[in-house]
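Heads up: the structure comes next, in structure tokens.
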Amino acid sequence: MNVDVSTTPHSARLESRGLVEAATAMFLVGTLAGVSGVIDEYPVYGGQALRYLLAAVILLAAARLAGLRFVRLTARETALLAALSLTGLVIFNVCVIEATRHGGPALVGTVLGTVPLALALLDGRPSPRLLVAAVVVVAGATVTTGLGSGDLAGLLWSLGALVCEVCFSILAIPLLPKLGAMRVSAYSVALAVPMLAVAGLFADGAAMIRVPTVPELAGLGYQSVIVTAVAFFLWYDALPRLGPGTAGLFAGLIPVGAIATGAVLGLGAPSVPDLLGAALVVAGIVVGLSSAGSPAARAGRPAGAGRSAAGGSRSAGAD
């Protein structure tokens with residue numbers, strides 16, 4: 001007798017866990033804006049190399065404690081992992097840095113706010129309701145960040161960051177069943193360190209790294225532990241449980257996390273557009289989740305999708 005795994009209690013628990021993980025991961029990524037000010041004067045590429053180095057140590061140690069052994073990769077898997085690290089981590093950082101210089105953070109935030117729509121369009125045959133939800137989330141992110149000002153170069157760099165952000169999820173999907181969230185996070189972060197070091201040497205020379213001040217050390221530590229090690233693992237653990245279309249909706253929580261962090265740190269109370277944008281993001285996520293949980297959406301899932309997601313996570317020691 002055929003059983004629809006998406007309706008079983010175990011599958012429901014896996015999906016609920018994925019929802020919490022995706023929401024938490026994107027909210028934590030949003031908090032990055034609140035702590036970025038303390039490392040503004042630290043060399044960018046050297047700082048990011050230090051950030052990923054510490055995150056790699058944490059993730060590799062966690063994998064070891066979880067009993068996860070090193071997995072030998074095929075040539076294709078190695079190429080995918082290298083492409084993930086190069087685009088989703090290294091080039092993404094370069095694009096965001098250059099886009100901010102040309103157009104400011106508002107332009108970058110607005111363009112990155114279209115991530116949910118991009119992932120929904122790439123997620124096979126998304127339902128009309130999921131597409132509507134993605135558009136609502138994009139609208140909320142746009143209202144929250146504002147279009148800002150910038151030139152053509154700023155827009156092009158922002159679009160590059162958008163492509164890299166999409167690659168961060170799409171390139172990981174074929175790797176997750178074999179490696180699991182912990183190893184994909186650890187391996188990709190470790191690969192980014194030498195890439196950023198080379199970029200730093202070209203950009204800043206010997207000045208790419210220096211002893212950080214106490215506030216800078218705290219900021220880099222927060223980026224390493226919370227925004228990288230924790231958020232990366234949560235996102236990659238949620239991705240196979242939800243699929244890129246549904247998981248992508250939670251990218252709209254990035255500006256919400258930034259607003260909340262700013263309020264907690266006393267950097268300014270949220271404005272009316274901030275609150276309106278956050279409300280639109282939440283509304284879009286609710287619409288998208290109702291679409292993902294509808295009978296029609298469940299019927300359209302590939303057979304065994306729930307088993308594949310759960311099995312891959314268990315083999316990686318995620319549960």
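Please work out, to two decimal places, the log10 of the ratio I(q)/I(0) at q = 0.22 Å⁻¹ from a Debye calculation in which every Cα of the range 21-120 carries one identical scatterer. Log10 of I(q)/I(0), two decimals: -1.49.
Taking trypsin sites (Lys or Arg not before Pro) across the range 173-244, the ones in a DSSP loop with at most 16 further Cβ atoms lying within 10 angstrom of their Cβ are 210. Couplings 3J(HN,Hα) for the range 211-227, derived from phi with the Karplus relation 6.51 cos²θ - 1.76 cosθ + 1.60 (θ = phi - 60°), are 5, x, 6, 4, x, 5, 4, 5, x, 5, x, 4, 4, 5, 7, 8, 6 Hz, where x marks Gly and Pro.
Using θ = phi - 60° in the Karplus curve 6.51 cos²θ - 1.76 cosθ + 1.60, the 3J(HN,Hα) couplings for the range 47-61 round to x, 5, 5, 5, 4, 6, 5, 5, 5, 5, 4, 5, 5, 5, 5 Hz; x is entered for Gly and Pro.
Taking the Cβ of each residue in 182, 195 as the centre, tally the other Cβ atoms inside 10 Å and list the residues starting with the fewest. Intermediate results must be reported in sequence, preceding the final value.
Numbers: 182 24, 195 20.
Fewest to most other Cβ atoms nearby, the residues stand as 195, 182.
When you count the other C-beta atoms within 10 angstrom of each residue and take the mean per peptide, 158-169, 243-254, 64-75 line up highest first as 243-254, 158-169, 64-75. Amide H contacts of residue 71 (H built 1.01 Å from N, in plane; Pro and chain starts excluded): no residue 5 or more places away or on another chain comes under 5 Å. Evaluated with a Cβ-only charge set (Lys, Arg +1; Asp, Glu -1), the range 132-269 carries a dipole of roughly 340 debye about its Cα centre, given to the nearest 20.
Determine, for 285, 170, the number of other Cβ atoms within 10 Å of each Cβ, and report the residues in order from fewest to most.
170, 285
Between the residues 91, 54, 24, the greatest Cα displacement towards the positive end of the dipole of the range 15-106, with unit charges on the Cβ of Lys, Arg, Asp and Glu, is found for 54. Multiplying the residue separation of residue 16 and residue 70 by 0.36 nm and subtracting their alpha-carbon distance yields 16.5 nm.
With a cut-off of 8 Å between alpha carbons and a minimum separation of six or more residues, what is the relative contact order of the range 107-213 in percent?
About 30 percent, as a whole number.
R0 = 30 Å: FRET efficiency of residue 207 with residue 156, Cβ-based, nearest 0.05? Here the calculated transfer efficiency is 0.60.
Using θ = phi - 60° in the Karplus curve 6.51 cos²θ - 1.76 cosθ + 1.60, the 3J(HN,Hα) couplings for the range 39-44 round to 10, 4, 8, 7, x, 4 Hz; x is entered for Gly and Pro.
Taken together, the values in this text are just the output of simple stated rules run on the coordinates, not laboratory data. In this text the structure is predicted, and so the values were computed from the model without any measurement. Heads up, the Cβs are rebuilt from the backbone with ideal geometry, glycines too, and the neighbour counts pull from every protein chain shown.
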